[in-house]
1. State to the nearest 20 debye the size of the charge dipole of the range 221-333 about its Cα centre, where the only charges are +1 on K and R beta carbons and -1 on D and E beta carbons.
2. Under 5 Å between amide H atoms, partner at least 5 residues away or on a different chain: which partners does L192 have, H built in plane at 1.01 Å?
3. Taking the Cα-to-Cβ direction at L24 and at R251 and moving 7 Å from each Cα, how far apart do the two end points lie in nm?
4. Charges on Cβ only, +1 for Lys and Arg, -1 for Asp and Glu, centred on the Cα centroid of the chain; of Q70, F116, H170, which one is farthest towards the dipole's positive end?
5. Just going by the charge dipole of the chain, with Lys and Arg at +1 and Asp and Glu at -1 on Cβ, which of A255, L321, I157 is farthest out on the positive end?
6. Restricting the count to DSSP beta bridges whose residues both fall in the range 233-309, what percent are antiparallel, rounded to a multiple of 5?
7. Please compute the modelled spin-label separation between Y86 and R276, points set 7 Å along Cα→Cβ, answer in nm with one decimal.
8. Which one, L36, F246, A271, is farthest towards the positive end of the dipole of the chain when Lys and Arg carry +1 and Asp and Glu -1 on their Cβ?
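The values are calculated or read from the model by the stated rules, or taken from the named source; none is laboratory data. None of the values given here were measured: they were computed from a predicted structure. All Cβ positions, glycine included, derive from the backbone under ideal geometry; neighbour counts span all protein chains shown. Quick note on the areas: whole protein, heavy atoms, side chains included, nothing else; ligands and nucleic acids left out. Shrake-Rupley method; radii C 1.70, N 1.55, O 1.52, S 1.80 Å.
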Amino acid sequence: MKPPEFWNKPPQESDLRKLLLRPLGALYARATRKRLQSGTPHKLDIPVICVGNLNAGGTGKTPTVIWLVQTLQNMGHTPVVLSRGYGGKLEGPILVDPNQHNAADVGDEPLLIAAFTTVCVSKDRAAGAKMAEKSGATVLIMDDGFQNPSVHKDFSIIVVDAQKGFGNGHCMPAGPLREPVPEGMKRADLVLSIGRTTAQDRFSELWQHHIPIAHAKGWLAPLQTGMMWQGTRFLAFAGIGHPEKFFATLRALGADVVKTEALDDHQPLSAPLMARLENEAKLLSAQLVTTEKDAVRLPDSFRMKVLTLPVRLDLFEEAGLSAKLKEIAPPPN
């Protein structure tokens, strides 16, 4: 389900739907607050880094998690990623095995991240954290879970889309927020703003909190695979938080994107859907292309028919954030 457009209107802009739903948003915020105040977080013997957001939907958490994984590995760490496994049927705790599990089992994001490091999927995050620690992790990366109080976090990163910011500033269903921004910022250690320079400047000008901000480029950096994107017609499809970013990245590479299909985030790529896209691509004399996260949900019969554009997070202040990681998780001896 795509979020309603009024969620992304500026806070000062009036909207009848926002006003009518604001009482429900206040109830949602109260429920989140109550949950966060319940229980005692489990403290691990290893550092825990949480990558979360205040907005519902995609903001760039998965590329951020992959960047952290690779950076920590370069420091000599053995990072393990803990995920709830959104979209997967397995309760866990279980370590993801790409040779045995598929996206329907563990979710698309854990399956993608498992190509880079060990991933533990668990609906019970505390149980998953204990399994990850026992599996030999020297640092735990929580993929989401900022609003989950069951595990103690040593460093929390809030990822935000600089263009959309925190939307209209209200909690669901009146707006896109999982909790009010001021309350979330009390527990955050860093905000990672992803977007083009103009959006970054505007977001920074409006920033009123005493939390450090790091910045990443709006177009995720495509990996050099040897593929020549220029001169080829493409039908691009994506079921991620903001499909338009993927389409823009393709166009920036010189690809002739003749049609785009924006699917719902995590939408199953059923055989009938893929057959329709394949037929449309043939009519347009175009090649099908999608994201890495979508590719892990492809039916087996379509894996050789669809190209994938792999991208990575491109940080402006990479050295500064890497130095901060060394403070939080000193390289093992």
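1. In total the dipole reaches around 260 debye.
2. I158, V159, V160, A214
3. Calculated label separation equals 3.4 nm.
4. About the Cα centre, the residue reaching furthest to the positive side is H170.
5. Toward the positive end, the furthest listed residue is I157.
6. 0
7. 2.3
8. So the residue we want is L36.
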